[in-house]
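Coordinate-derived values only; no laboratory data. Keep in mind the model is a prediction, meaning the values are calculated, not measured. Cβ: placed from backbone, ideal geometry, glycine included. Neighbour counts: every protein chain shown.
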Amino acid sequence: MKIIGIGELKLSSNEGIITHALGSCLGVCFYDPTLKLGGLLHALLPHAKEYPGDFNPAKYVDTGIKLLLEKFINSGSDKNNLIVKVAGGAKSFCQDFFNTGAKNIATLHQTLKHLELKITASDIGGTQYKTIWIEIATGKVTVKSTHYIAEL
């Protein structure tokens, strides 16, 4: 299984992809069942424009989702075939003041609407940190928190 960290994204046509410690961050999975191609983004903050000196688009929900879509299109995907599943966006104690999870979720919805993509399944919000992974052969996406494991 390929592991990605904060501000990273990966695509794979064979090996699964996983990311850990999604607090207020979002884990965004795209899957193209026709190509058997999966991708995962671990975005930290909502908007890249708030950090003009940072040139890592995968660190932000808005630019990270656009980059993930671009990589799928460049790999031969039709965006109408994409399955979108998301986890994270929690409200954690230390980040409550900034409301980062809620801002990430709002930006997620705005960005997907702008790109004409719809969420197929999600586990967003709450107060628990989560891990999300995608199995490429089946497109199965699983979320694990301290209290449960669930397929999206």
Of the peptides 115-122, 140-147, how do they stack up when ordered by the mean number of other Cβ atoms within 10 Å, highest first?
140-147, 115-122
For the range 1-128, what does the alpha-carbon gyration tensor say about shape, rounded, prolate or oblate, given a ≥ b ≥ c as the root eigenvalues, a/c under 1.5 as rounded, and a/b over b/c as prolate?
prolate
Cβ crowding within 10 Å averaged over residues, with 126-139, 32-45, 71-84 ranked highest first
32-45, 126-139, 71-84
Add +1 for every Lys or Arg and -1 for every Asp or Glu among the other residues with Cβ under 15 Å from the Cβ of residue 135, and state the total.
+3
Please give every one of the aspartates and glutamates within straight-line cross-link reach of residue 140, meaning a C-alpha to C-alpha distance under 17 Å, and leave out same-chain neighbours fewer than 8 residues apart.
15, 32, 123, 151
Fraction of beta bridges assigned by DSSP in the range 76-152 that are antiparallel (%, nearest 5):
60 percent
Calculate how many DSSP beta bridges within the range 2-151 are antiparallel, expressed in % of all such bridges and rounded to the nearest 5.
75 percent
List the residues, sorted by chain then number, that are 5 or more residues from residue 90 or on another chain and whose placed amide H is less than 5 Å from its amide H.
24, 25, 125
Would you kindly state how much longer the chain becomes between residue 98 and residue 148 on full extension, computed as 0.36 nm times their sequence separation minus their alpha carbon distance, in nm to one decimal?
15.3 nm
Residue-averaged 222 nm ellipticity for the chain, from DSSP H runs of 4+ at -39500 (n - 2.57), nearest 500
-6000 deg cm²/dmol
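Would you mind getting me the FRET efficiency between residue 36 and residue 6? Use the beta-carbon distance for r and R0 = 35 Å, nearest 0.05.
Values: r = 27 Å, r/R0 = 0.77.
The value I calculate is 0.85.
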Could you give me the ³J(HN,Hα) list for the range 11-20, computed from phi with Karplus coefficients 6.51, -1.76, 1.60 and θ = phi - 60°, whole Hz, x at Gly and Pro?
10, 8, 10, 9, 9, x, 10, 9, 9, 10
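Which pairs in the list 2/36; 2/144; 71/130; 71/91; 79/130 are over 19 Å apart, alpha-carbon to alpha-carbon? Let's see the in-between values first.
Working: 2/36 16 Å; 2/144 17 Å; 71/130 25 Å; 71/91 30 Å; 79/130 27 Å.
Table pairs above 19 Å Cα-Cα are 71/130; 71/91; 79/130.
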Any chance you could run the full-extension gain for residue 50 through residue 20? It's 0.36 nm times the residue separation minus the Cα-Cα distance, nm to one decimal.
8.3 nm
